[in-house]
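Engineer: Have a look at the structure that comes next, please.
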Amino acid sequence: MDAVAIRQATEGDADAIADLIARNEPDLLVSEISRDERRERFRDGLTSGATASLVAEANGQLVGELTIVLNHPAPTEIGFGVHPEWRGRGIANALIERAVHLAADRRIHKLTARVMSHNVAALRVLEQQGFVEEGYLTNEFVRKAGGAKDAVLLSRPIQLTAPRL
């Protein structure tokens, strides 16, 4: 397997992240916004400090991403995606592990994720990473194409150590 590096995303990654998300199947996307709107939201979130993002790279190509919506002190929500050709190689697990460490470093007590109920792969990865189901959300995601999709709300508490004096 090619080596995959996980790093903190920068504003310069906005185009590559928008392209990566555009490669996902439309029925697995929470939001059906345009590539340009997604790029601008990503840049705005990083610039304002409302989000933090991680990217996975292999051979100079972005192959995965994870965004953390920083709602601190409220639970903090994550969303992630992996390039279709790179799925099943542990990239999502590596991104989530890094997100857990980032959350602990920032003293975030809990991570949450809302996942479309039919996205079995994402649900499985989150469960492998210690997330548990907290609820089922009916008609959570309204679709531009019509209708709405249900979601599963999952969470994972973060083990915080006492602050260093």
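Taken together, the values in this text are just the output of simple stated rules run on the coordinates, not laboratory data. Computed from a predicted model, the values in this text were never measured in an experiment. Glycine also receives a Cβ, built like all others from the backbone with ideal geometry; neighbour counts cover every protein chain displayed.
Engineer: Quick one: dipole size for the stretch 5-157, taken about the Cα centre, charges +1 on Lys/Arg Cβ and -1 on Asp/Glu Cβ, in debye to the nearest 20.
Structural biologist: In total the dipole reaches around 240 debye.
Engineer: May I pose another question? Positive end of the charge dipole of the stretch 5-157 (Lys, Arg +1 and Asp, Glu -1 on Cβ, about the Cα centre): tell me which of Ser48, Gly147, His72 has its Cα farthest that way.
Structural biologist: His72
Engineer: Once fully extended, how much extra length lies between Asn59 and Asn93, figured as 0.36 nm per residue of separation less the alpha-carbon to alpha-carbon distance?
Structural biologist: Result for the pair: 10.3 nm of gain on full extension.
Engineer: Taking the structure as given and computing Cα Rg over 2.2 N^0.38 Å, which label from [x] 1.01; [y] 1.14; [z] 1.67 fits?
Structural biologist: Matching the structure shown: [x].
Engineer: If you don't mind, another one. Output wanted: per-residue J couplings in Hz (rounded whole) for the stretch 145-161, from phi through Karplus 6.51 cos²θ - 1.76 cosθ + 1.60, θ = phi - 60°, x for Gly and Pro.
Structural biologist: 6, x, x, 9, 10, 7, 9, 10, 9, 10, 8, 9, x, 10, 6, 9, 8
Engineer: Helices from the chain with mean Kyte-Doolittle at least -0.5 and a Cα length along the axis of 15 Å or more, per DSSP H: which?
Structural biologist: Both cut-offs are met by 91-105.
Engineer: Moving on. Fully extended, how many nm does the chain gain between Leu160 and Arg114 (0.36 nm per residue separation, minus their Cα-Cα distance)?
Structural biologist: Result: 14.3 nm gained on full extension.
Engineer: Now for a different question. Can you give the FRET efficiency to the nearest 0.05 for Asn24 and Asp105, using r as the Cβ-Cβ distance and R₀ = 30 Å?
Structural biologist: After rounding to 0.05, the efficiency reads 0.55.
Engineer: With an 8 Å cut-off on Cα pairs and a minimum separation of 6 or more residues, tell me the relative contact order of the chain in percent.
Structural biologist: About 19 percent, as a whole number.
Engineer: Calculate how many DSSP beta bridges within the stretch 5-157 are antiparallel, expressed in % of all such bridges and rounded to the nearest 5.
Structural biologist: Here the antiparallel bridges make up roughly 95 percent for the stretch 5-157.
Engineer: In addition: Test of understanding: what is the full-extension gain from Asp150 to Ala5, defined as 0.36 nm times their sequence separation minus their Cα-Cα distance?
Structural biologist: 48.9 nm is the gain from fully extending Asp150 to Ala5.
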